[in-house]
1. Per q in 0.07, 0.15, 0.17, 0.18 1/Å, what log10 I(q)/I(0) does a Debye calculation on the alpha-carbon atoms of the chain return?
2. Please work out the Cα convex hull volume for the range 69-182 and give it in Å³ per residue.
3. If I model a spin label as a point 7 Å beyond the Cα along the Cα-Cβ vector, how far apart are those points for residue 192 and residue 134 in nm?
4. Can you pull the semi-axes for the range 178-226, root of five times each eigenvalue of the Cα gyration tensor, sorted largest first, whole Å?
5. Between residue 120 and residue 84, what length comes free when the chain is fully extended (0.36 nm per residue of separation minus the Cα-Cα distance, one decimal in nm)?
6. Which value in nm describes the separation of the simple spin-label points at residue 69 and residue 234, placed 7 Å from the Cα toward the beta carbon?
7. Could you check what % of the DSSP bridge pairs in the chain are antiparallel, to the nearest 5?
8. Calculate how many DSSP beta bridges within the range 114-239 are antiparallel, expressed in % of all such bridges and rounded to the nearest 5.
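Every number in this text was worked out from the coordinates using simple rules, so none of it is lab data. Please read these numbers as outputs of a predicted model, since none were measured by experiment. Here the Cβ positions follow ideal geometry from the backbone for every residue, glycine too, while neighbour counts run over all protein chains shown.
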């Protein structure tokens with residue numbers, strides 16, 4: 001929503017050139033579009049990530065089409081209705097079948113059967129709470145064959161967990177799984193822009209460093225687990 005057409009195309013070209021997924025969080029949502037005053041209350045906070053009303057859904061779905069038109073093939077979604085609309089459009093052929101849909105951690109998918117429901121609606125990968133224990137991870141994996149996403153360092157807004165020593169077991173129990181590196185002690189920057197460029201760049205560099213630390217933890221675990229660089233990767237943009 002807050003990227004120009006030129007910027008969207010630039011992200012797609014970078015992802016395609018380096019064979020890496022580029023995933024865009026779809027907006028607007030209730031925390032930003034003013035459609036739901038209740039999202040500012042303690043009881044209504046969960047509404048903040050959702051699309052409230054048809055106008056919000058229309059705007060969000062339009063964002064998905066615009067991203068796809070510029071080559072993006074992966075989107076992050078925080079609303080079940082939007083997810084269902086995207087799945088319908090993929091089935092009908094108006095959105096590409098290879099478009100990856102990720103279910104956001106903001107959806108609060110906190111048990112295996114909720115994960116499977118979201119997977120059936122149309123999520124290719126499912127963000128689950130960072131504090132999910134290893135036995136619970138095994139339960140998620142036994143119920144759904146969707147890809148799982150799990151922070152091993154969560155941002156402060158999602159609990160601020162540090163689980164680097166668990167990385168090897170998380171992969172062993174939950175694969176296929178995206179092991180994610182958030183960052184603690186970061187000032188919220190969403191929505192970002194050129195006015196926050198320096199901070200956003202520094203945060204990105206530190207996340208890459210954290211990922212390197214995570215890979216070292218994995219290597220020291222003494223397992224044969226590794227990143228498979230030969231597989232077909234999902235969500236690669238089309239330049």
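1. Relative scattering, expressed as log10 I(q)/I(0), comes to -0.23, -1.20, -1.57, -1.73.
2. Per-residue hull volume (Cα only) is 102 Å³.
3. In this crude spin-label approximation the distance works out to 3.4 nm.
4. That gives 29, 9, 8 Å for the three semi-axes.
5. Here the segment from residue 120 to residue 84 would lengthen by 12.0 nm.
6. Going from the residue 69 label point to the residue 234 one covers 2.6 nm.
7. Among the beta bridges of the chain, antiparallel pairing accounts for roughly 5 percent.
8. 10
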